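Step one of this worksheet: look at the structure below.
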RNA sequence: GGUCCCAUAGCUCAACUGGAUAGAGCAGCUGACUUCUAAUCAGCAGGCUGGGGGUUCGAGUCCUCCUGGGAUCGCCA
């Protein structure tokens, strides 16, 4: 259930009735009519902009519409009061039984908050997609956490989600990997490795060199690249993917599909995708203009095969072939996205690092062209993560040499803290990650704040059980909730009622951070109510000798815990039952 | 120079996609532990939403031009 859509339906119904009565002209478009909680709770429980939105098309004063609408709505048993305010807002106050119903709904349906928004549409979320040349670093960590939470959010909102990783194993960087691994192999064979400039220096290749020695003995030693490059490349790439899967597992990230760039070569898929574009007149041989304003010194005009991405919103056309005739990185990526379109997805989402910002328009152009505009592609960029430790920037890793790894972070602070912290920021804003701060167990640290709220509820449940009160969800859902009427209690119930709405808003915008912020507010309302019990004994959850009232109060906080648990589930964070 | 992102309280960030008097936390000040866990809560104080124009009933949000920061810009992926 979603109370806000229920009330919106009521408003639309009332508008239709007014049309039928001739109060309003017929045929008004009601798309822009919204029902939202007012920013100031003092105004009421719900507000609708209907009168203001319709005033112009109806040719009426907003207040006149609002008053007619108010009279209609006030007849509904759920509405206690309907008042016109300001320029034409209509504020509704709902009866206590509505909020009691929300509590019951949260307990009765495990799917409370789950939404039909997605209608089972198939969405592909591609994230991480790091080059298989080493362990994941902090930038990947943010992308992994964001993409995974987004995927869970969409699944919760009713989409059929596929989590996918695109392995960039087709370019020159995997040759570099192979050469780097070969040096470690020589090292394992007792020779001195020569890690030349441009090779990967990290320690993580040492064990790869050793396993190469186990496999090949010294048969690859002192031979030219042509004898070992392909084999070592394949071997090392596979090892790196193992490493990456292990890194992801540390964060509890698990992909449904791994797609390989290399696998696209030699299958005709790239050619097919490009031919498809060519058939639309979007591929041509041409010479690009130098970048406007700033011509590189070594600029030379050269003829290349170009994709007319400008026909689909890009600023300049983009090369799909290098001047030597080989594919650019873009070409297999076009083929890969074409493949995703052909697999029948209704929508595609790519999660990229901020350094891929310049890539967004051309990719959207390609998908737009290849799907004839049918499949929307949303690209979310995750901005940089800046690490801090004791007030100092934190840069180096023992393991990787020149960057901090995912493993470094997760081993220090754990997956829950890593995930939650990285989700308490919009993806397009830079993130400061302070090792000391995220481990602090205080209000300053949202992870602990939210988990503590959940643990507090579970603690009360244990106490109630010990006191012989039935607090299983079925009993609570069947309990008499009419005693839940104190404004402090209703405030928490109203916050619980927001949950389905938050899910939809977050899912529509592909913005999982909204879940994190909502959970913080919900936790805050719970802590607040808890402390009200210090002064006002009647607000304490356990009412000695009054099992019925106790049940109703526990139903409320259990409903809260159910929502916290569902929300943390989306974020991939464990709800704690105890935090001693 | 082109493109994209960002700019909100002293600090770190929200703001329900155009709604009413812009909200939290931290830092500062004042209070609440005989308790269902004080890892918490209540209160005070803190703002020309970087600047100028525009769009409309209404702008932190949309358009435009500046300023400042970040990313990126054909044979890297």
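Scan the range A:422-458 for residues that are part of a loop (DSSP other than H, G, I, E, B) and out of contact with any helix residue (DSSP H, G or I) (no Cβ under 8 Å at 6 or more places or on another chain) and the total you get is 3.
Taken over the range A:279-321, the criterion of being within 27 Å of residue A:377 (Cα to Cα), assigned to a loop (DSSP other than H, G, I, E, B) and within 9 Å of RNA strand B (Cβ to nearest atom) is satisfied by A:288, A:291, A:314, A:315, A:316. Please find, within the range A:367-381, the residue that is nearest to residue A:355 (Cα to Cα) out of those that are part of a helix (DSSP H, G or I) and under 25 Å from the mean Cα position of the chain (by Cα). The extreme case among them is A:367.
Restricting attention to the range A:152-188, the residues that are assigned to a helix (DSSP H, G or I), surrounded by fewer than 21 Cβ atoms within 10 Å (Cβ to Cβ) and in contact with a strand residue (DSSP E or B) (Cβ under 9 Å, 6 or more places away or on another chain) add up to 2.
Among the residues of the range A:487-524 satisfying the criterion of being within 8 Å of RNA strand B (Cβ to nearest atom) and farther than 30 Å from residue A:347 by Cβ, which is farthest from the chain's Cα centre (by Cα)? Taking the candidates together, the pick is A:524.
Of A:350, A:355, A:324, all but one fail to be surrounded by fewer than 22 Cβ atoms within 10 Å (Cβ to Cβ), in contact with a helix residue (DSSP H, G or I) (Cβ under 9 Å, 6 or more places away or on another chain) and either assigned to a strand (DSSP E or B) or assigned by TED's automatic domain parsing to the domain that holds residue A:309 (or both); the exception is A:355. Screening the candidates A:300, A:289 for the property of being loosely packed, with under 12 Cβ neighbours inside 10 Å and touching a residue at least 24 places away in the same chain (Cβ under 8 Å) yields one hit, A:289. Can you pull out every residue in the range A:16-44 that is more than 14 Å from RNA strand B (Cβ to nearest atom), without any contact (Cβ under 8 Å) to a residue 24 or more places away in the chain and surrounded by 10 or more Cβ atoms within 10 Å (Cβ to Cβ)? A:16, A:19, A:20, A:21, listed by residue number. How many of the residues in the range A:486-512 are out of contact with any strand residue (DSSP E or B) (no Cβ under 8 Å at 6 or more places or on another chain) and either not assigned by TED's automatic domain parsing to the domain that holds residue A:526 or not in a helix (DSSP H, G or I) (or both)? Counting residues in the range A:486-512 that are out of contact with any strand residue (DSSP E or B) (no Cβ under 8 Å at 6 or more places or on another chain) and either not assigned by TED's automatic domain parsing to the domain that holds residue A:526 or not in a helix (DSSP H, G or I) (or both) gives 5. If only residues of the range A:327-344 that are surrounded by fewer than 21 Cβ atoms within 10 Å (Cβ to Cβ) and outside any helix (DSSP H, G or I) are counted, the one that is farthest from RNA strand B (Cβ to nearest atom) is A:344.
Out of A:370, A:381, A:377, report the one residue that is near RNA strand B (Cβ under 9 Å from one of its atoms), within 24 Å of residue A:166 (Cα to Cα) and touching a helix residue (DSSP H, G or I) at 6+ places or on another chain (Cβ under 9 Å).
From the options A:370, A:381, A:377, the qualifying one is A:381.
For the range A:407-440, the tally of residues that are crowded, with 19+ Cβ neighbours inside 10 Å and in contact with a strand residue (DSSP E or B) (Cβ under 8 Å, 6 or more places away or on another chain) stands at 7. Inspect all residues belonging to the range A:236-245 and state whether any of them is modelled with pLDDT of 95 or more, part of a helix (DSSP H, G or I), touching a helix residue (DSSP H, G or I) at 6+ places or on another chain (Cβ under 9 Å) and more than 16 Å from RNA strand B (Cβ to nearest atom). Yes, some residue in the range A:236-245 is modelled with pLDDT of 95 or more, part of a helix (DSSP H, G or I), touching a helix residue (DSSP H, G or I) at 6+ places or on another chain (Cβ under 9 Å) and more than 16 Å from RNA strand B (Cβ to nearest atom).
Residues in the range A:441-451 that are modelled with pLDDT of 90 or more, crowded, with 19+ Cβ neighbours inside 10 Å and near RNA strand B (Cβ under 6 Å from one of its atoms): none. Has the range A:469-477 got at least one residue that is closer than 17 Å to residue A:565 by Cα, out of contact with any helix residue (DSSP H, G or I) (no Cβ under 6 Å at 6 or more places or on another chain) and not assigned by TED's automatic domain parsing to the domain that holds residue A:44? Yes - at least one qualifying residue is present in the range A:469-477.
When residue A:95 is tested against (1) touching a residue at least 40 places away in the same chain (Cβ under 8 Å); (2) in contact with a strand residue (DSSP E or B) (Cβ under 9 Å, 6 or more places away or on another chain); (3) away from RNA strand B (no atom under 12 Å from the Cβ), just one condition goes unmet, and that condition is (1). Give the residues of the range A:246-258 that are surrounded by fewer than 15 Cβ atoms within 10 Å (Cβ to Cβ) and in a helix (DSSP H, G or I), sorted by residue number. The answer is A:246, A:249.
Test of understanding: among A:23, A:33, A:11, which residue is within 30 Å of the chain's Cα centre (by Cα) and under 14 Å from residue A:65 (Cβ atoms)? Steps first, answer last, please.
On the way: A:23 fails: within 30 Å of the chain's Cα centre (by Cα); A:11 fails: within 30 Å of the chain's Cα centre (by Cα).
Of the residues listed, the single one that is within 30 Å of the chain's Cα centre (by Cα) and under 14 Å from residue A:65 (Cβ atoms) is A:33.
In this structure, does residue A:142 turn out to be in contact (Cβ under 8 Å) with a residue 60 or more places away in the chain and within 15 Å of the chain's Cα centre (by Cα)? So residue A:142 fits the description; yes.
The values are calculated or read from the model by the stated rules, or taken from the named source; none is laboratory data. Predicted model only: the values in this text are computed from it and were never measured. Quick reminder, even Gly has a Cβ in these numbers, built from the backbone with ideal geometry, and neighbours come from all protein chains shown.
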